[in-house]
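The values are calculated or read from the model by the stated rules, or taken from the named source; none is laboratory data. Computed from a predicted structure; not experimentally measured. Here the Cβ is made from the backbone with ideal geometry for all residues, glycine too, and neighbour counts use every protein chain on show.
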Amino acid sequence: MDTNDKKYSLDFATYDRMYKESIENPELFWGTKADEFISFNKKWDTVLTENEAEGSVGWFEGATLNVSYNCIDRHVEAGHGEQVAFHWEGNEGARVDITYHQLLSEVSKLANVLKSRGVKKGDKVCIYMPMIPEALYAMLACTRIGAVHSVVFGGFSSDALKSRIDDAKCVVVITADVVKRGPTPILLKVNVEKIIEDCPSVHTCLVVPTIEEPINWGPKDFDYKVEMANASADCPPEEMSAEDPLFILYTSGSTGKPKGVLHTTAGYLLYAATTFKYSFDYREGEVFWCTADIGWITGHSYLVYGPLTNRATSVVFEGVPTYPTAARPWEIVDKYNVNVLYTAPTLIRTLMGQGDEFVNQTSRSSLRILGTVGEPINPEAWQWYHDVACNSRCAIVDTWWQTETGGHAIAPIPGVVKDLKPGAATYPLFGIDPVLVNENGEVLEGEAEGILLIKGKWPGMLRDVYGNHERFLDTYLRPYPGYYFTGDGARRDSDGHLWVTGRIDDVMKISGHRIGTAEVESAITKHEAITEAAVVAIPHEIKGNSICAFACLAEGETASENIEEEIINLVREYVGPFAKPDQVYIVPALPKTRSGKIVRRILRKIATGEENDFGDTSTLVDVSAIEKLVEAIK
């Protein structure tokens with residue numbers, strides 16, 4: 001698909017010039033961008049300072065600013081108070097349009113409520129909320145008074161919630177009575193009740209009533225609506241230093257407790273703002289819809305901070321995209337005239353599996369850019385997204401990044417890549433200097449495949465693992481000294497485009513061949529009956545490892561008698577005989593995190609019969625999926 005035309009703001013020559021400056025002279029580049037995107041109370045003394053020995057970095061030190069001011073006040077002061085900041089779409093179709101002026105009022109009132117409960121600069125506040133407007137107010141209210149928010153996804157269990165509260169030593173929890181996602185309500189307040197008396201740091205729990213049902217009020221509980229009714233809408237923003245902590249967001253690993261990724265104020269905000277602007281070619285007046293929950297970094301960077309800093313209008317959706325039917329996302333696109341849609345490959349595959357009729361009953365004529373996030377998108381899903389979802393009109397922005405990077409690191413910026421390749425992450429964003437190395441740490445030039453590292457520093461990178469600097473160093477900086485270790489593998493093609501192949505733990509070595517999971521899975525999903533697949537390597541006495549495949553049928557499909565053989569033949573054809581699976585299992589579902597990532601370590605344990613310890617399962621959408629998988633294989 002040719003996207004290199006005048007309808008996009010950047011072309012390759014402009015991108016190339018800007019990119020080279022961002023790598024060769026980062027202080028000049030980011031200093032210029034900071035002046036363009038951010039309003040500071042006091043200008044910085046230095047753009048970038050770093051101490052390699054201590055593993056520390058600082059951006060815009062000496063500067064002061066406030067995040068909520070940058071996201072709200074300055075737009076109101078400039079006369080844009082009546083512009084809609086958020087179109088909120090409820091689970092059952094209710095609609096609330098929130099202007100920047102209304103947003104300022106609600107955020108200021110909640111900030112005063114927090115102050116009245118003794119919350120001060122540097123205190124930690126846990127936000128355990130549904131996707132309702134109050135969740136957005138809570139994040140921004142924390143930034144207004146200098147409190148550090150720790151958002152916990154509303155689908156987490158009470159135990160997972162408690163571990164995050166205790167680790168951050170949160171003093172306040174903001175929650176609601178229920179989450180409304182699809183037909184089944186999730187009782188958030190009940191989950192909080194189970195653990196709050198055993199969280200010694202918490203003195204206050206603010207509860208948002210969302211349904212007309214009695215709430216069991218405990219000694220630490222306060223009614224959000226009552227507190228807000230008595231609060232003033234005048235709350236001057238706290239002046240924060242550039243490197244003051246902004247938020248903690250927990251990510252789970254295969255072992256050990258979740259890591260509290262710490263981001264700070266000025267650098268993160270600038271990086272979220274610039275990547276939002278350039279990755280999506282955002283234009284003033286457009287409507288942007290990021291389908292992510294604020295419990296994940298995507299919701300932080302591209303639902304709240306990036307769009308608001310750019311004075312964008314965004315859609316916020318409370319429900320699930322397949323409720324009441326799979327037409328729901330496309331109906332929302334038409335309802336709000338969405339111009340840019342940003343979602344996960346998992347959802348795309350789900351919608352694809354439901355059939356085209358749900359898409360074709362809507363117009364979707366407003367769409368200009370389509371984005372993907374969460375994992376590399378397989379070519380079949382990419383093609384469907386491009387051909388069916390937008391009738392071949394839109395650029396596809398397949399973004400690779402992490403909680404730790406703060407924003408997009410590699411993506412095909414619209415207009416920059418002449419011919420989009422389905423599944424290719426293509427070029428780095430400004431400030432990102434990707435490097436491929438082999439297992440010995442030797443740099444690979446030209447067309448190659450290896451371990452993906454990032455050289456240098458960029459404003460949005462994490463500053464620490466909260467409360468555990470040694471873990472930060474061991475995880476990200478020490479594995480390959482002088483580089484940030486992403487944990488992912490990638491390959492560079494003959495055009496210089498980067499393809500992220502997945503977690504290094506997911507790279508399989510079969511009979512001496514290194515094979516990425518993504519390419520085998522893509523081959524499997526070429527089968528017309530299969531909507532999703534995952535493969536893992538398991539020990540083999542001759543090959544060293546063999547491939548075990550798990551495949552899910554599309555809606556309404558049934559497995560043919562020869563489906564396993566057909567799948568093996570597809571892998572033979574599209575990858576090679578060396579990559580063919582030795583085992584193929586048709587399963588009802590794959591174990592996924594709530595951000596859409598397939599947890600292959602669980603599949604590996606099931607395939608090898610190690611069913612006693614699956615590690616951290618707190619981030620799974622449905623823990624019962626593990627039991628169903630085990631039964632399906634048996």
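Summary of computed values
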read-out	value
Some residue of the stretch 95-108 being touching a helix residue (DSSP H, G or I) at 6+ places or on another chain (Cβ under 8 Å), over 20 Å from V315 (Cα atoms), crowded, with 21+ Cβ neighbours inside 10 Å and in the same structural domain as K457 (by TED's automatic domain parsing)	yes
All positions within the stretch 269-287 that are in contact with a Pro (Cβ under 7 Å, 6 or more places away or on another chain) and buried (at least 24 other Cβ atoms within 10 Å of the Cβ)	L270, Y271, F276
Residues that are buried (at least 19 other Cβ atoms within 10 Å of the Cβ) and in contact with a strand residue (DSSP E or B) (Cβ under 7 Å, 6 or more places away or on another chain), drawn from the stretch 156-175	L161, R164, I165, D167, A168, C170, V171, V172, V173, I174, T175
Residue list for the stretch 59-99, filter: under 30 Å from A327 (Cα atoms) and of a type in the set (S, T, Y)	T99
Any hit, the stretch 56-75, residues being in a helix (DSSP H, G or I), among the aliphatic types (A, V, I, L, M) and farther than 19 Å from G299 by Cβ	no
Condition check for K455: among the basic types (K, R) and at pLDDT below 95	no
Complete set of residues in the stretch 128-144 that are closer than 17 Å to T291 by Cβ and either surrounded by 24 or more Cβ atoms within 10 Å (Cβ to Cβ) or free of Cβ contacts under 8 Å to residues at least 60 places away in the same chain (or both)	M129, P130, M131, A135, L136
Among the residues listed as G267, G295, the single one being among the small types (G, A, S), more than 16 Å from the chain's Cα centre (by Cα) and not in a strand (DSSP E or B)	G267
Search result, residues across the stretch 188-203 that are closer than 15 Å to A168 by Cβ, within 29 Å of the chain's Cα centre (by Cα) and not aliphatic (A, V, I, L, M)	C199, S201
The stretch 402-416 residues that are of a type in the set (S, T, Y), paired with ones that are assigned to a loop (DSSP other than H, G, I, E, B) (beta carbon under 7 Å, 6 or more apart)	T405/G460; T405/M461
Pairs, first of a type outside the set (A, V, I, L, M, F, W, C) in the stretch 566-579, second surrounded by fewer than 15 Cβ atoms within 10 Å (Cβ to Cβ), C-beta under 9 Å, six or more apart	E566/S560; G576/H513
Filter result for V304 (of a type in the set (V, I, T), assigned to a strand (DSSP E or B) and crowded, with 24+ Cβ neighbours inside 10 Å)	no
Boolean, V125 is in contact with a Cys (Cβ under 7 Å, 6 or more places away or on another chain) and either touching a residue at least 24 places away in the same chain (Cβ under 8 Å) or over 23 Å from L303 (Cα atoms) (or both)	yes
Number of the exception - T99 against (1) out of contact with any strand residue (DSSP E or B) (no Cβ under 7 Å at 6 or more places or on another chain); (2) farther than 22 Å from V192 by Cα; (3) at pLDDT 95 or above	(1)
Residues of the stretch 169-189 that turn out to be without any contact (Cβ under 8 Å) to a residue 24 or more places away in the chain and β-branched (V, I, T), as a count	1
Tally, over the stretch 28-54, of residues that are part of a strand (DSSP E or B) and either closer than 19 Å to G456 by Cβ or in contact with a Lys or Arg (Cβ under 6 Å, 6 or more places away or on another chain) (or both)	6
Condition check for M228: in contact with a Ser or Thr (Cβ under 9 Å, 6 or more places away or on another chain) and within 25 Å of N112 (Cβ to Cβ)	no
Among (1) closer than 25 Å to L249 by Cα; (2) surrounded by 21 or more Cβ atoms within 10 Å (Cβ to Cβ); (3) in contact (Cβ under 8 Å) with a residue 60 or more places away in the chain, the one test that A147 misses	(3)
Residue in the stretch 577-586 that is within 30 Å of Q402 (Cβ to Cβ) and either of a type in the set (A, V, I, L, M) or part of a loop (DSSP other than H, G, I, E, B) (or both) present	yes
Filtered residue count, the stretch 127-166, keeping only those that are small (G, A, S) and farther than 18 Å from V261 by Cα	7
Answer from T403, T372, T426 - the residue that is within 17 Å of V340 (Cβ to Cβ) and either within 22 Å of the chain's Cα centre (by Cα) or of a type in the set (D, E, K, R) (or both)	T372
Residue within the stretch 436-448 that is within 20 Å of the chain's Cα centre (by Cα) and not charged (D, E, K, R) present	no
V67 β-branched (V, I, T) and touching a His at 6+ places or on another chain (Cβ under 9 Å)	no
Candidate set from the stretch 216-258 (those that are modelled with pLDDT under 90 and of a type in the set (V, I, T)); member that is surrounded by the fewest Cβ atoms within 10 Å (Cβ to Cβ)	T255
Residues of the stretch 224-264 classified as part of a strand (DSSP E or B) and closer than 30 Å to Y19 by Cα, total	12
Meets criteria (β-branched (V, I, T), under 21 Å from W384 (Cβ atoms) and at pLDDT 85 or above) for T531	yes
Neighbours by Cβ (under 9 Å, 6+ apart or cross-chain): first from the stretch 5-19, closer than 16 Å to R283 by Cα; second at pLDDT 95 or above and in a helix (DSSP H, G or I)	S9/K277; S9/Y278; L10/M18; L10/Y278
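Okay, residues lined up against (1) within 24 Å of D73 (Cβ to Cβ); (2) hydrophobic (A, V, I, L, M, F, W, C); (3) in contact with a helix residue (DSSP H, G or I) (Cβ under 7 Å, 6 or more places away or on another chain):
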residue	(1), (2), (3)
W217	no, yes, no
F222	no, yes, no
A229	yes, yes, no
S232	yes, no, yes
P245	yes, no, no
T275	yes, no, yes
T291	no, no, yes
W296	no, yes, no
T309	yes, no, yes
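Condition check ((1) under 13 Å from E243 (Cβ atoms); (2) touching a helix residue (DSSP H, G or I) at 6+ places or on another chain (Cβ under 8 Å); (3) not assigned by TED's automatic domain parsing to the domain that holds L140) across all residues:
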position: T32; (1), (2), (3): no, no, no
position: D35; (1), (2), (3): no, no, no
position: D45; (1), (2), (3): yes, no, no
position: V57; (1), (2), (3): yes, no, no
position: L65; (1), (2), (3): yes, yes, no
